[in-house]
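The values are calculated or read from the model by the stated rules, or taken from the named source; none is laboratory data. Source: prediction; values computed, not measured. Cβ placement follows ideal geometry from the backbone for every residue including glycine, while neighbour counts extend to all protein chains displayed.
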Amino acid sequence: MSLLAVRGLTVALPTGEGEARALDGVDLELAAGGTLGIVGESGSGKSMTALALMGLAPAGARIAGKIALDGEDLLALGEREMDRIRGARLAMIFQEPMTSLNPVHRVGQQIGEVLALHRDLAGGAAREEARRLLERVELPRPARLLRAYPHELSGGQRQRVMIAMALAGAPDLLIADEPTTALDVTVQERILTLINDLVDAEGMGLIMISHDFGVIARTCEAVAIMYGGRVVERGPVADVLARPAHPYARGLIEAVPRLGRGRAGRLATIAGAMPALGAFPAGCPFADRCPQAEEACQLQVPAMRPLGPARAAACHLLEAAP
Amino acid sequence: MATYLIRRLISFCLTLVGASVLIFVMLEILPGDPALTMLGVDAPESAVAALRADLGLDRPAPERYLDWIAGLARGEMGLSFTYQVPVAELFAERLELTVPLAFAAMALASLLAIGAGLYAASRHNRAGDWGVMTASQLGLAIPNFWLGILLIVLFALVLGWTKAGGFPGWEAGIGPALGALVLPVVALAITLASILTRVVRSATLEVLREDFVRTARAKGLGRGRTLRRHVLRNAMIPVVTVMGLLFADAMAGTIVIENVFSLPGMGKLIFGAISNRDLIVVKNAVLLLAALVIVVNFAVDLLYALIDPRVRIRD
């Protein structure tokens, strides 16, 4: 059985005029210890997917579909039961390490909270475990850090503290939502290496969310590309990177800057911008920006089409191709 | 932290000096002869002149001001013109009532406001929020003296649970003394609580949008625990500021409430002193109230540093 199986996940948000679907029929699959990247622009629904998995979608959102963690449907659980899963079996780290820690509590307290909540540790035992966790995320002088406040740490150190907090509950699945976007390039690299090492060592599953294909390629085996609240292509990272099937996937991959391409190769871009929530075309969500769009694309939503083992894409143009 | 403390202490002293100068200028230098004010316009010229000499009004203003401050430093404020007793004695006796009254009203208001404000924020845009906001609107609209009268009518006259007013003194025992303060405290606290509830609610809503609240939920903390452990303390920063400011309102409120409930406190003393044109009492009483408000706000500045560790290094 897979660690995580998401089927037809749909999140409808209330807007000025009726509802808009931030997620529309998202399917995801992750084996125990597996790593899955979710790529897309802002507004593609990747962060909403993460929040929906955590059961933290915004108030007023209507959620449908199925999220099975080890076979247990999370959407069927009550608030209290979900509290027991969050932090213990599912953990999440966020994009903004500067604001994701509580400014008025010490680092030790914030890690200790998870230990008390999910592992029944308190006092000296909790302090010792928190110190070990800080060592685990390679922070120097952990005993001193426990007494520090977040404002006394750098961005990279705070993100390491966030990771230590996520590890504290010994989760089966770690969701990382753009964990390095707000950090310096050199720090990014080290944080990604750390996440990779920890996922391997602890045997955790990983969902890495990023707008940057490079980050996904470094950390994940499989990738799901999202656009307009839907998964438009999925497959093994190397495969998708080498032969993207969906025009949006091609655009995303071509838009990754590479060294040595020279001046001649100007950076490719995808024309236009992602429409606002609720303003997507009736057919394929990408139709308005797609260089190859045909009439059918405007009218009908393309279904996911298998393209070989573990590969699939949702594009009308794939019919014609062999 | 030390620089923060020193800065606060300096600004505390400067505010106190500023307040005393302002009071002195308003009461003794601005047009209008204090001696004439005290005796009334019909008083004979000789009596006014005698009082002027008695009060030292014939001396230059800076000298009089320094004399006043030097006297305060020795704990001497002079004799009350109407009561013919040392002003300091009068105050000591009255503060025993007014200070507990004001602080109890602030405490009750804070308790009500934090409870109601957190509740309203956690039920944002739902019935509970709407209910709290309506109640606070009502509390703001009702003047405290009117609420005081209503409370007297209901609890003293209709139900007969308490006396309509008066204060037996602390010598009568804690029970009866506190009993006499219940209605005045409630009447004073409702307006304060209504203002503060709105501040607590909006501060809480603000903090609820912060990223670290989402982190707390992601750790597995329930809504209630997140509110108590992560939201409340961060929301207290603006709330404590407003509490300090409201303390001035509470002190001003005691003047009205002590008259409604005929409690022999500072408020009633000031009210009487103004009617009797007892300049020495008015001058010192106003400075004392100002000093109390300044001390409370100094304490608030210190509280910031306790609540928010970032304040300790910011200055």
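Entry remark, the range B:259-278: residues being crowded, with 18+ Cβ neighbours inside 10 Å, under 23 Å from B:Glu28 (Cα atoms) and of a type in the set (A, V, I, L, M) number 4 in total. Taking the range A:68-111 as the range and being over 23 Å from A:Val6 (Cα atoms) and of a type in the set (D, E, K, R) as the test, the residues that pass are A:Glu96, A:Arg106. With respect to the conditions (1) touching a Lys or Arg at 6+ places or on another chain (Cβ under 6 Å); (2) in a strand (DSSP E or B), A:Pro244 lacks only one, and its number is (2).
Pairs linking a residue in the range A:79-96 that is under 15 Å from A:Leu69 (Cα atoms) and more than 8 Å from chain B (Cβ to nearest Cβ) to a residue that is of a type in the set (D, E, K, R) and not in a helix (DSSP H, G or I), with Cβ atoms under 6 Å and 6 or more positions apart or on different chains, are A:Arg89/A:Asp172. Return yes or no: is B:Arg201 surrounded by fewer than 18 Cβ atoms within 10 Å (Cβ to Cβ) and basic (Lys, Arg)? No; evaluated as a whole, the condition is false for this residue.
Scanning the range B:22-40 for residues that are at pLDDT 85 or above and either loosely packed, with under 12 Cβ neighbours inside 10 Å or not β-branched (Val, Ile, Thr) (or both) yields B:Leu22, B:Phe24, B:Met26. Inside the range B:142-157, residues that are surrounded by fewer than 20 Cβ atoms within 10 Å (Cβ to Cβ), within 14 Å of B:Val182 (Cα to Cα) and either within 22 Å of the chain's Cα centre (by Cα) or in contact (Cβ under 8 Å) with a residue 60 or more places away in the chain (or both) make up a count of 1.
Among the residues of this structure, B:Leu14 counts as one that is farther than 21 Å from B:Asp278 by Cα and part of a helix (DSSP H, G or I). At least 3 residues being charged (D, E, K, R) is the threshold, and among the strands (runs of 3 or more DSSP E) wholly inside the range A:1-90 those reaching it are A:19-30. Return the residues of the range A:1-28 that are over 13 Å from A:Ala64 (Cβ atoms) and surrounded by fewer than 17 Cβ atoms within 10 Å (Cβ to Cβ); say none if nothing qualifies. Matches in the range A:1-28: A:Met1, A:Ser2, A:Pro14, A:Thr15, A:Gly16, A:Glu17, A:Gly18. For the range B:212-232, the set of residues classified as more than 18 Å from A:Leu53 (Cβ to Cβ) and at the interface with another protein chain (Cβ under 8 Å from one of its Cβ atoms) consists of B:Phe212, B:Gly222, B:Arg223, B:Arg229, B:His230, listed by residue number. Residues that are out of contact with any His (no Cβ under 9 Å at 6 or more places or on another chain), within 7 Å of chain B (Cβ to nearest Cβ) and assigned to a helix (DSSP H, G or I) within the range A:97-128 comprise A:Val114, A:Leu117, A:His118, listed in sequence order. Only one of the numbered conditions (1) crowded, with 22+ Cβ neighbours inside 10 Å; (2) out of contact with any helix residue (DSSP H, G or I) (no Cβ under 8 Å at 6 or more places or on another chain) is violated by A:Asp197, and that is (1).
When the range A:160-176 is filtered for residues that are within 12 Å of another protein chain (Cβ to nearest Cβ) and either of a type in the set (Lys, Arg) or more than 19 Å from A:Gly203 (Cα to Cα) (or both), only A:Val161 remains. Inside the range A:74-107, residues that are surrounded by 20 or more Cβ atoms within 10 Å (Cβ to Cβ) and small (Gly, Ala, Ser) make up a count of 3. On inspection, B:Leu221 fails the criterion of being farther than 30 Å from A:His105 by Cα and either more than 24 Å from the chain's Cα centre (by Cα) or not charged (D, E, K, R) (or both). Considering only the range B:74-82, I want to know if a residue exists there that is part of a helix (DSSP H, G or I) and small (Gly, Ala, Ser). The answer is no; no qualifying residue exists. Scanning the range A:129-152 for residues that are within 10 Å of chain B (Cβ to nearest Cβ) and in contact with a Leu (Cβ under 6 Å, 6 or more places away or on another chain) turns up just one, A:Pro150.
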